[in-house]
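What follows is a short report on a single structure.
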Amino acid sequence: MITAYILINMQPGKSDKIIEEMRKIENIQKISIVTGEYDIVVRVGIKTLDKLLKVTDKIQMIKGVTKTTTQVIEKEIAL
Amino acid sequence: MKIRKKYLFYLLAFSSSIIAALLTGVDVILERYLENPWVLGLAIFYLGVLMSIIFTLIFSIPYKGKSLGSLTIDPTFNKIRFFKREEIKYHILGGAGNAILTIGYFALIIIIRDPSVILPFSQIVILYLVIIESVTEKNTPTLIEIQSSIIVTFGAILGSISLSGTISLEALAIVFFVINPGWVLLSINQRKLKTLKIKNKTNDALNIRLWNVIFACLFTILFTLIYDYVYGTNNLIESFYSTVDQFGWLFLVGIGTFFSFVFYIRALGIGKASVTQAVKSSVIIFTIPVSLILAYYGFIDPLSSDPVLILIKIIGIVLIILGITSFALTLIKAYIFIKLKTGYPIEETMQKLWNIGGVTRVCAVAGTYDIMLKIRTRTLVKGYENILRKLESIESIKEFKWQSVLKEWEDI
C-alpha cells in the first residue's frame, strides 16, 4: 500500500466545486482545506505508483486546480 | 462516499447512544426474569459471543471485490481473523474492563431500575478519561477540556437524581469503583486497538469487537468461578440454563450491543476517547423516552411529576449538552511541512517530533518537503507554546510551514 499527500493550489473562489469533484475520486482518504501556501491537502491510499498517477491526473483535470505537489510517504508514525 | 469527518463522528457516536438507551430498557425488562448480575452478565456474554461471530462472518462475505462489512460498516474491515500477537495485551486489558463494567452495570440495574437514572451515572467516566488521556496520549488537558469535563460530570450527577427524588450511595459506589474504572480500561484499550496498524492497515472495528467480547466472556467466567468458589454459589451453571430460558431477550441484547459497540469503536478511531465519551453521553437524553415507556407499561415505578425534580433533570441535561458542545467546537488541526538540514538522521528527527505533545502523525515524505506533521491542539496559543516553540528547538529543522485545517472530509 502506498500512501501520499497531494498538495493543491487552486484559483480563488473555486473551492466548493473543486471539493465536490474531488469527493468523487476513488482512493482519496482525506481532503483538508487549509490556509497558507497551499489551499487543499489530500491524502491518498493506493496500491501502485501507476494508480497514484491516475489519481493525480484526475485532480489536475478538475477545473480551477492550478498546481499539484505530490509527497509520497516513506515512513509514518501515527496515533 | 466522503462526508465531513465531524459529521461521521457525531453520526456514529449518536447512533451508538440511541441503541445503548434502547438496550438499557431491554436490560431492565430482562432483569425481571434474571435477578442475579453474575448470571445476567454471563448470559449476555454467551449470546454476545455468538452474535459477534455470526455478524462478523456475515460481514466477511465478499461482494464486488470487497467484504460486506467493508462496504457497509467499516471500510478497513476485510474478513474475520484471529487476533495478532501485538493486540493480545490490549485485548486482555479491554476484555477485563468490559467484564468488570458489565457485572457492575447489572448490579446497578438491580438496585436502580430506571434507565434515565442508571445511564447518567456512568457519564462521570469522562473525568477519568481526560486524566488517563493526559498520561497515555502525551496530551496535557487544556482548561476547556477540564471545564467541559466538569460541566458534563455535574450535568450527569444532576441528571442521575431519580424522579422520585432519591440517590443511592450503594449505586454511586458501584459507579465510581466498578463501572467507571472498567469502562476506562475498555475505552482506552479499544482506542489503542483501533489505532494499531495490522499488516500496515488500520485495524477494523468488527474484529476488535469480536475479540473483545470473547475476552470479556472469558474474564466474566473466570470472575464468576472465583465468586462461586469463595461464596459457594452456583452462578456459572445457572447462567447456562438462564441463557436457554431467556434466549429471545438475550438475542435482542446481543444484536443491539454488537452494533452499539461497533459504532462506538469506529467513533473512537476518529475522535479522542474523552470527546467520543462526551458525545455518547447524550444517551442520557435518549433514556428519558425509554423510562417513560417502561413506567407506562409498569416495568418501573411511575415517574414523579414534581416540578423541582423535573427542573433538576432538565438542568442536568442542559449542562451535559453544553459540556459536549464546548468539547467539540474547540479542536484545531493543522499540517506542518518541514524541510530538514542535511547531516542529521531523519528517523531521529521523526522521533523528536513524535515526542512533542499534540502531534498525531509524523510522515517522512519524498518530494518538496522532508517531513509532514499532523497536529491537534485546543487553542492556537497552545499550538504555539507546545508545538512551534519545540519545533524551533530541534536543530535539524531548516524551515517549516504551518497550514491550519479549516474543514476536513474523510472517506467512510
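Residue count for the stretch B:68-90, restricted to those that are surrounded by 23 or more Cβ atoms within 10 Å (Cβ to Cβ) and more than 18 Å from B:Met51 (Cβ to Cβ): 1. B:Ile285 fulfils the conditions (1) part of a helix (DSSP H, G or I); (2) within 14 Å of chain A (Cβ to nearest Cβ); (3) not charged (D, E, K, R) except for a single criterion, (2). Looking across the stretch A:25-77 at every residue that is among the small types (Gly, Ala, Ser) and in contact with a Phe, Trp or Tyr (Cβ under 9 Å, 6 or more places away or on another chain), the one that is surrounded by the most Cβ atoms within 10 Å (Cβ to Cβ) is identified as A:Ser32.
Filtered by the rule that a residue be under 10 Å from the mean Cα position of the chain (by Cα), within 11 Å of another protein chain (Cβ to nearest Cβ) and either assigned to a loop (DSSP other than H, G, I, E, B) or not hydroxyl-bearing (Ser, Thr, Tyr) (or both), the stretch A:28-55 gives A:Ile28, A:Gln29, A:Lys30, A:Ile31, A:Ile40, A:Val41, A:Val42, A:Arg43, A:Val44.
Residue check: B:Gly97 meets all listed conditions (1) modelled with pLDDT under 90; (2) surrounded by 17 or more Cβ atoms within 10 Å (Cβ to Cβ) but one, namely (1). Name the residues in the stretch B:332-351 that are surrounded by fewer than 17 Cβ atoms within 10 Å (Cβ to Cβ) and either outside any helix (DSSP H, G or I) or within 11 Å of chain A (Cβ to nearest Cβ) (or both), would you? Answer for the stretch B:332-351, where residues must be surrounded by fewer than 17 Cβ atoms within 10 Å (Cβ to Cβ) and either outside any helix (DSSP H, G or I) or within 11 Å of chain A (Cβ to nearest Cβ) (or both): B:Ile332, B:Lys339, B:Lys341, B:Thr342, B:Gly343, B:Tyr344, B:Pro345, B:Ile346, B:Glu347, B:Gln351. Has the stretch B:164-172 got any residue that is within 24 Å of the chain's Cα centre (by Cα) and not hydroxyl-bearing (Ser, Thr, Tyr)? Yes, because at least one residue in the stretch B:164-172 is within 24 Å of the chain's Cα centre (by Cα) and not hydroxyl-bearing (Ser, Thr, Tyr). The sole residue among B:Gly357, B:Gly367 that is within 14 Å of chain A (Cβ to nearest Cβ) and within 17 Å of B:Lys333 (Cβ to Cβ) is B:Gly357. As a summary of the residue check, B:Leu193 satisfies the conditions (1) closer than 22 Å to B:Arg266 by Cβ; (2) modelled with pLDDT of 90 or more except for the one numbered (2).
Does A:Lys58 satisfy the criteria of being part of a helix (DSSP H, G or I), touching a helix residue (DSSP H, G or I) at 6+ places or on another chain (Cβ under 9 Å) and over 30 Å from B:Ile346 (Cα atoms)? Taking the combined requirement at face value, the residue satisfies it.
Per this entry, B:Gly343 is counted among residues that are on the phi > 0 side of the Ramachandran plot and modelled with pLDDT of 90 or more.
The values are calculated or read from the model by the stated rules, or taken from the named source; none is laboratory data. Just so it is clear, the model here is predicted, and its values are computed rather than measured. No Cβ is skipped: glycine too gets one built from the backbone with ideal geometry, and neighbour counts run over all protein chains shown.
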